[in-house]
Structure formats: structure tokens, C-alpha cells
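Beneath this line is the structure, given in C-alpha cells, with notes to follow.
The values are calculated or read from the model by the stated rules, or taken from the named source; none is laboratory data. Keep in mind that this is a model prediction, so the values were computed, not measured. Heads up, the Cβs are rebuilt from the backbone with ideal geometry, glycines too, and the neighbour counts pull from every protein chain shown.
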Amino acid sequence: MNAAQLAFIFPGQGSQMVSMGRTLAQAYPAARAIFEQADQILGFPLSRLAWEGPEAELNDTVNTQPALLVHSAAALAVLNELHPKLRPAFTAGHSMGEISALIAAEALSFEAALRLVRRRGELMKQAGEHSPGGMAAVLGAEIPLLERICAQASASGEVVQVANDNCPGQVVISGAKPALERAIELAGQAGIRKIRPLAVSIAAHSPLMERAQADFNEAVAQAGIVDPRIPVVGNVTALPLTTAAEIRADLQAQLTSRVRWTESVQEMIARGVTTFIEIGSGTVLAGLIKRIDSGVKTISIGAPEDFEKLVE
């Protein structure tokens, strides 16, 4: 596998599931060690929650974000053990997955990344409790149209905006509930028929996260991020980040900014990437990438049997 044509990518919220990482930890001591270390760092059995649930507790953002990162780090540890010479040209992660990508890029230690993502989840939950909002997935609509709809639906103190550009035809909007409801109604009037409100109370990647910004900025500043050994394609810039300062700025801006996943993937492809390895829970990113460019190869690794596909 040509490293110059390879990217490691890491999932964000929405990829979690009860039992995530369990068989991997059972099969590989390197993965089990990551989960055990996470339990010690956090001071509670995150591994048990990830493997056994309850699902509602796992889906609480303060737990979801660290659980996803730990599963990704465990799968990465196994990958590095089995294929020590396999190094990508780029790493990238969807939303909080960008922090997982920093581990692969050697810009952040596992412990520091875990503490940062746990803090991110706590601050986002607090912001959501103070400023309740919502999110909705919109299928089959162009972003310029949705931008106009969101602008029309927004009012003073009630903003809705495009939060995630996941792939062509799949966009998420986010914001204050009244503005979100107006945007959904306007989208229907514009002929957009596939709109699905998401089961969340947090308006991620919107101005409703501003309450968390100062504390998160401080957490990022204190995390110990260093210059990456592998460029990290940022969610906000959709460009390779090569310095600690660039990474900090992208992470901090991400709370209230759009996740530009389509552009991030297109940027990596334009720079020669032909194979994307999704590391961690689920296959969501592989599916999105196939809709962005059906000509590239995707591999998802999160369970023992997935590493057999990698050898093939």
C-alpha cells in the first residue's frame, strides 16, 4: 500500500454503538490496554459502558465522545502493531474525530486527547443545557439553497446554520429550536422532502456553542498539542494543518463552525489519496466518502475480522 496515496480517518458522533471495541479488546492485548488505560484516566469504567451500555448513557455526549476516541485509539494501536511500517500521507476526523486524528499524527498523546475530548463533551452538554437547540439532517438539497433558507429562518437571538457538509446530498443544519423549525418549514416549501430532525438537544457547530468557547479554548491551549508528524486535514479549513498553532485554531473554531467534510475528502483526493482507512467504530465515513468519490477505496477497521480485510 503506497503511503502517499493513503489517509487515516476517524469517526465522530453518530458512529457509536453498544459493544463497540469489545471483540477487539478480547482479541488483542494492545487494544485491551488502551481501554484499561482509559478507565484509569477517567476514573470510571468507560469500557463497560461502551461494551454493555446502557445505550442512553453511552449516547450522552460526555460519554459518546471519549468512547469513540478510545475505540479509535485501540484500533490504531492494533494497526500499528500489525503493520508498523504503514503510515498515511494524511489523517483527518469528522468533528470530534479530529482529536482522534491528532493521536495518529503524533500531535497529541492518547491521555491528553482523552482528557480533551471528555472536556469537550462536558462543555458542549453544558452549553446545550443553557441554550437548548436542535439539529436536522437534510437530504437531496444543495448547500447554497440551504444557506439562504437558514439566513431567512434566523432572527435576532435565534440562529440556524449549516453545521455539517457530510457529502453531496447529505447536509445537517443546527441552531435554536424556533429557527430550526422555521428552516424545516421553509425547506419543505422549497420542495425539499427529506428532512429528518435528529434526536439531540445540542446544536453542535452553531453559535449556541459559544458559551463553551472560552473554556474549550483554554482546554485546547493546555492540551500539549505539538507539530504533527503527519498533516491533519482540519474540519474548519478543509486544508492540511502542519503546525500546532494551526491545529489549535482549527479545533477551537470547530465548536461553532461548519464541518467541511466533503471539501476535506476532496482535498485529500486532489493531493493523491486513493485509499481511506476508517479507524474505529462503524462505517459511516466510508459510506460518505463513496458518495463524494466512488472511485476511491475505503476500508473500515474496528473489529478483529476487519484486519483480515486489510491484509487482503
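Filter region 259-292 down to the residues that are surrounded by fewer than 24 Cβ atoms within 10 Å (Cβ to Cβ) and of a type in the set (Asp, Glu), then identify the one that is nearest to GLN5 (Cα to Cα).
Selected residue: GLU267.
Quick check on my filter: what residues within region 261-280 are closer than 17 Å to GLY97 by Cβ and of a type outside the set (Phe, Trp, Tyr)?
THR262, GLU263, SER264, VAL265, GLU267, MET268, VAL273, ILE277, GLU278, ILE279, GLY280
Let's see how each residue does on (1) surrounded by 21 or more Cβ atoms within 10 Å (Cβ to Cβ); (2) without any contact (Cβ under 8 Å) to a residue 40 or more places away in the chain; (3) touching a Pro at 6+ places or on another chain (Cβ under 8 Å):
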residue: ALA38; (1), (2), (3): yes, no, yes
residue: ILE41; (1), (2), (3): no, no, no
residue: THR91; (1), (2), (3): yes, no, yes
residue: MET96; (1), (2), (3): yes, no, no
residue: GLY133; (1), (2), (3): yes, no, no
residue: LEU145; (1), (2), (3): no, no, no
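Taking the condition at pLDDT 95 or above, surrounded by fewer than 19 Cβ atoms within 10 Å (Cβ to Cβ) and outside any helix (DSSP H, G or I), does GLY295 pass?
yes
For region 85-124, how many residues meet the condition of being in a helix (DSSP H, G or I) and either at pLDDT below 95 or aromatic (Phe, Trp, Tyr) (or both)?
1
Search region 238-257 for residues that are in contact (Cβ under 8 Å) with a residue 24 or more places away in the chain and pair each with any residue that is aromatic (Phe, Trp, Tyr) and surrounded by 20 or more Cβ atoms within 10 Å (Cβ to Cβ) when their beta-carbon atoms are under 7 Å apart and the residues are at least 6 apart or on different chains.
PRO240/PHE90; GLN252/PHE216; LEU255/PHE216
Okay, residues lined up against (1) modelled with pLDDT of 95 or more; (2) touching a Gly at 6+ places or on another chain (Cβ under 9 Å); (3) over 25 Å from LYS297 (Cβ atoms):
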{"position": "ALA221", "(1), (2), (3)": "yes, no, yes"}
{"position": "THR242", "(1), (2), (3)": "yes, no, yes"}
{"position": "LEU251", "(1), (2), (3)": "yes, yes, yes"}
{"position": "GLN254", "(1), (2), (3)": "yes, yes, yes"}
{"position": "THR262", "(1), (2), (3)": "yes, no, no"}
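To keep it simple, each residue is scored yes or no on (1) polar (S, T, N, Q); (2) free of Cβ contacts under 8 Å to residues at least 60 places away in the same chain; (3) within 29 Å of VAL172 (Cα to Cα).
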position	(1), (2), (3)
GLN13	yes, no, yes
SER19	yes, yes, yes
LEU24	no, no, no
LEU46	no, yes, yes
LEU49	no, yes, yes
PRO66	no, yes, yes
SER72	yes, no, yes
ALA75	no, no, yes
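In the set ASP227, ASP250, ASP215, which member is touching a helix residue (DSSP H, G or I) at 6+ places or on another chain (Cβ under 6 Å) and within 27 Å of SER131 (Cα to Cα)?
Testing whether each residue is touching a helix residue (DSSP H, G or I) at 6+ places or on another chain (Cβ under 6 Å) and within 27 Å of SER131 (Cα to Cα) leaves just ASP215.
Quick check: is even one residue across region 34-41 assigned to a helix (DSSP H, G or I) and within 21 Å of LEU86 (Cβ to Cβ)?
The answer is yes, given that some residue of region 34-41 is assigned to a helix (DSSP H, G or I) and within 21 Å of LEU86 (Cβ to Cβ).
Restricting the search to region 140-159, which residues are touching a Gly at 6+ places or on another chain (Cβ under 6 Å) and at negative phi?
Passing the criteria: only VAL159.
Just for region 144-195: of the residues that are assigned to a strand (DSSP E or B) and out of contact with any helix residue (DSSP H, G or I) (no Cβ under 8 Å at 6 or more places or on another chain), which one is farthest from ALA286 (Cα to Cα)?
It comes out as LYS194.
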